[in-house]
Amino acid sequence: MHIWLAGMVLGLALFPWGAACASKAQPVVKADTKADFSAVVAAVKKEMVPGGRYEFVTSSERQIIDASLGEMQSLFDRFETVAEMDKDAKFQLYVDQENVNAILTHRDDRRLICKSERPMGSLLPKRTCRTYGEMERGRQYAQEEMIRRARPGFVSGEANPSMKYGMPLTPRH
(Lines give C-alpha, C1' and ligand atoms only; values in the text may rest on other atoms or scores of the structure.)
Protein backbone atom coordinates (compact mmCIF):
# COMPACT_ATOMS: atom_id res chain seq x y z
CA MET A 1 0.00 0.00 0.00
CA HIS A 2 2.77 2.45 0.93
CA ILE A 3 4.75 1.69 -2.23
CA TRP A 4 1.64 2.16 -4.36
CA LEU A 5 0.89 5.50 -2.67
CA ALA A 6 4.48 6.68 -3.14
CA GLY A 7 4.40 5.68 -6.81
CA MET A 8 1.06 7.41 -7.33
CA VAL A 9 2.22 10.62 -5.64
CA LEU A 10 5.45 10.68 -7.59
CA GLY A 11 3.77 9.87 -10.90
CA LEU A 12 1.11 12.55 -10.49
CA ALA A 13 3.68 15.01 -9.23
CA LEU A 14 5.87 14.62 -12.26
CA PHE A 15 3.42 14.12 -15.12
CA PRO A 16 2.47 17.75 -15.97
CA TRP A 17 5.87 19.14 -15.09
CA GLY A 18 7.64 16.89 -17.57
CA ALA A 19 6.29 19.02 -20.40
CA ALA A 20 6.99 22.24 -18.52
CA CYS A 21 10.63 21.30 -18.10
CA ALA A 22 11.18 20.26 -21.70
CA SER A 23 13.93 22.32 -23.30
CA LYS A 24 17.05 21.90 -25.38
CA ALA A 25 18.94 21.18 -22.16
CA GLN A 26 18.56 17.84 -20.43
CA PRO A 27 15.00 17.92 -19.05
CA VAL A 28 14.34 16.96 -15.45
CA VAL A 29 12.11 13.92 -15.70
CA LYS A 30 11.90 12.87 -12.06
CA ALA A 31 11.66 15.28 -9.17
CA ASP A 32 12.07 12.76 -6.41
CA THR A 33 15.03 14.54 -4.81
CA LYS A 34 15.49 18.02 -3.42
CA ALA A 35 17.88 19.06 -6.23
CA ASP A 36 15.58 17.79 -8.98
CA PHE A 37 12.60 19.51 -7.37
CA SER A 38 14.48 22.83 -7.34
CA ALA A 39 15.18 22.44 -11.06
CA VAL A 40 11.51 21.74 -11.77
CA VAL A 41 10.41 24.78 -9.74
CA ALA A 42 12.86 27.00 -11.63
CA ALA A 43 11.57 25.69 -14.97
CA VAL A 44 7.92 26.26 -14.02
CA LYS A 45 8.59 29.79 -12.75
CA LYS A 46 10.52 30.56 -15.93
CA GLU A 47 7.40 29.66 -17.95
CA MET A 48 5.15 31.92 -15.82
CA VAL A 49 6.66 35.14 -17.24
CA PRO A 50 5.13 37.06 -20.17
CA GLY A 51 5.75 35.07 -23.33
CA GLY A 52 6.03 31.81 -21.36
CA ARG A 53 3.77 28.82 -21.47
CA TYR A 54 1.91 29.83 -18.29
CA GLU A 55 1.92 33.61 -18.88
CA PHE A 56 -1.83 33.93 -18.24
CA VAL A 57 -1.64 32.84 -14.58
CA THR A 58 -3.38 35.53 -12.52
CA SER A 59 -1.75 37.15 -9.50
CA SER A 60 -4.04 35.29 -7.07
CA GLU A 61 -3.26 31.98 -8.79
CA ARG A 62 0.44 32.86 -8.67
CA GLN A 63 0.15 33.30 -4.89
CA ILE A 64 -1.44 29.85 -4.59
CA ILE A 65 1.29 28.32 -6.76
CA ASP A 66 4.05 30.03 -4.78
CA ALA A 67 2.51 28.92 -1.47
CA SER A 68 2.11 25.32 -2.67
CA LEU A 69 5.64 25.20 -4.08
CA GLY A 70 6.91 26.66 -0.79
CA GLU A 71 5.15 23.92 1.18
CA MET A 72 6.57 21.30 -1.15
CA GLN A 73 10.05 22.81 -0.77
CA SER A 74 9.72 22.65 3.02
CA LEU A 75 8.89 18.95 2.70
CA PHE A 76 12.02 18.43 0.60
CA ASP A 77 13.98 20.41 3.22
CA ARG A 78 12.84 17.94 5.89
CA PHE A 79 13.18 14.84 3.69
CA GLU A 80 15.82 14.67 0.94
CA THR A 81 13.76 12.34 -1.26
CA VAL A 82 10.14 11.29 -1.72
CA ALA A 83 11.09 7.78 -0.62
CA GLU A 84 12.14 9.12 2.80
CA MET A 85 8.84 10.95 3.36
CA ASP A 86 6.29 9.54 5.77
CA LYS A 87 2.67 8.97 4.79
CA ASP A 88 1.45 12.41 5.94
CA ALA A 89 4.27 14.21 4.12
CA LYS A 90 3.53 12.31 0.91
CA PHE A 91 -0.15 13.17 1.22
CA GLN A 92 0.67 16.87 1.70
CA LEU A 93 3.01 16.71 -1.30
CA TYR A 94 0.18 15.19 -3.34
CA VAL A 95 -2.33 17.88 -2.28
CA ASP A 96 0.08 20.73 -3.04
CA GLN A 97 0.95 19.16 -6.38
CA GLU A 98 -2.72 18.88 -7.31
CA ASN A 99 -3.23 22.58 -6.53
CA VAL A 100 -0.31 23.56 -8.76
CA ASN A 101 -1.28 21.14 -11.55
CA ALA A 102 -4.89 22.34 -11.65
CA ILE A 103 -3.85 25.96 -12.16
CA LEU A 104 -1.06 25.25 -14.63
CA THR A 105 -3.21 22.90 -16.69
CA HIS A 106 -6.01 25.48 -16.89
CA ARG A 107 -3.66 28.35 -17.82
CA ASP A 108 -1.47 26.40 -20.26
CA ASP A 109 -1.35 28.49 -23.43
CA ARG A 110 -0.92 25.34 -25.54
CA ARG A 111 -4.14 23.75 -24.23
CA LEU A 112 -6.39 23.03 -27.19
CA ILE A 113 -10.04 24.07 -26.88
CA CYS A 114 -12.40 22.73 -29.53
CA LYS A 115 -16.03 23.62 -30.28
CA SER A 116 -18.51 21.96 -32.55
CA GLU A 117 -20.85 24.53 -34.11
CA ARG A 118 -23.31 24.45 -36.96
CA PRO A 119 -22.65 27.22 -39.47
CA MET A 120 -25.71 29.25 -40.45
CA GLY A 121 -27.65 27.48 -43.17
CA SER A 122 -26.03 24.11 -42.55
CA LEU A 123 -27.05 21.09 -40.56
CA LEU A 124 -23.53 19.69 -40.50
CA PRO A 125 -21.51 20.78 -37.48
CA LYS A 126 -18.07 22.21 -38.03
CA ARG A 127 -15.36 21.65 -35.45
CA THR A 128 -13.04 24.56 -34.72
CA CYS A 129 -10.04 24.34 -32.41
CA ARG A 130 -7.88 27.09 -30.95
CA THR A 131 -5.31 27.16 -28.21
CA TYR A 132 -6.01 28.85 -24.90
CA GLY A 133 -3.18 31.27 -25.66
CA GLU A 134 -4.76 32.35 -28.96
CA MET A 135 -8.11 32.87 -27.29
CA GLU A 136 -6.65 34.81 -24.38
CA ARG A 137 -4.51 37.04 -26.61
CA GLY A 138 -7.57 37.75 -28.77
CA ARG A 139 -9.62 38.62 -25.70
CA GLN A 140 -6.92 40.96 -24.40
CA TYR A 141 -6.55 42.64 -27.80
CA ALA A 142 -10.33 43.17 -28.09
CA GLN A 143 -10.46 44.66 -24.60
CA GLU A 144 -7.55 47.02 -25.30
CA GLU A 145 -9.13 48.05 -28.61
CA MET A 146 -12.48 48.84 -26.95
CA ILE A 147 -10.72 50.98 -24.35
CA ARG A 148 -8.69 52.75 -27.03
CA ARG A 149 -11.76 53.50 -29.16
CA ALA A 150 -13.75 54.77 -26.18
CA ARG A 151 -11.20 57.49 -25.42
CA PRO A 152 -12.30 61.03 -26.24
CA GLY A 153 -10.62 62.35 -29.33
CA PHE A 154 -10.33 58.98 -31.05
CA VAL A 155 -10.42 59.65 -34.79
CA SER A 156 -10.91 56.91 -37.30
CA GLY A 157 -12.82 56.20 -40.46
CA GLU A 158 -15.05 53.99 -38.34
CA ALA A 159 -17.75 54.99 -35.88
CA ASN A 160 -16.60 56.27 -32.51
CA PRO A 161 -19.03 55.62 -29.65
CA SER A 162 -18.04 58.86 -27.90
CA MET A 163 -18.76 61.05 -30.94
CA LYS A 164 -21.79 61.58 -33.14
CA TYR A 165 -21.55 63.29 -36.52
CA GLY A 166 -17.92 64.20 -35.80
CA MET A 167 -18.77 66.05 -32.57
CA PRO A 168 -18.34 64.82 -28.99
CA LEU A 169 -21.52 63.80 -27.24
CA THR A 170 -22.15 66.43 -24.58
CA PRO A 171 -25.33 67.28 -22.73
CA ARG A 172 -27.17 70.39 -24.01
CA HIS A 173 -27.87 73.17 -21.57
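The values are calculated or read from the model by the stated rules, or taken from the named source; none is laboratory data. In this text the structure is predicted, and so the values were computed from the model without any measurement. Here the Cβ is made from the backbone with ideal geometry for all residues, glycine too, and neighbour counts use every protein chain on show.
Mind telling me which of the residues ASP77, ASP66 ends up being acidic (Asp, Glu), surrounded by fewer than 16 Cβ atoms within 10 Å (Cβ to Cβ) and under 16 Å from THR105 (Cα atoms)? Give the derivation first.
Numbers: ASP77 fails: under 16 Å from THR105 (Cα atoms).
After ruling out the rest, the residue left standing is ASP66.
Within the bounds of segment 144-166, is there any residue that is modelled with pLDDT under 90 and assigned to a strand (DSSP E or B)?
Scanning segment 144-166 turns up at least one residue that is modelled with pLDDT under 90 and assigned to a strand (DSSP E or B).
Please go through (1) at pLDDT below 90; (2) within 21 Å of LYS45 (Cβ to Cβ) for GLU80 and return the number of the only condition it doesn't satisfy.
(2)
For MET120, indicate whether it is more than 30 Å from ASP32 (Cα to Cα), outside the structural domain of ASP36 (by TED's automatic domain parsing), modelled with pLDDT of 90 or more and in a loop (DSSP other than H, G, I, E, B). Lay out the reasoning, then the answer.
Working: more than 30 Å from ASP32 (Cα to Cα): yes; outside the structural domain of ASP36 (by TED's automatic domain parsing): yes; modelled with pLDDT of 90 or more: yes; in a loop (DSSP other than H, G, I, E, B): yes.
Yes, satisfied.
With the requirement that a residue be in a helix (DSSP H, G or I) and either under 27 Å from the mean Cα position of the chain (by Cα) or not assigned by TED's automatic domain parsing to the domain that holds ASP36 (or both), what does segment 78-91 give you? Walk me through it before giving the result.
At the first step, the residues of segment 78-91 found to be in a helix (DSSP H, G or I) are 78, 87-91.
Within segment 78-91, ALA89, LYS90, PHE91 qualify.
On the basis of being in contact (Cβ under 8 Å) with a residue 24 or more places away in the chain and either part of a helix (DSSP H, G or I) or more than 20 Å from the chain's Cα centre (by Cα) (or both), does ILE103 make the cut?
Yes, satisfied.
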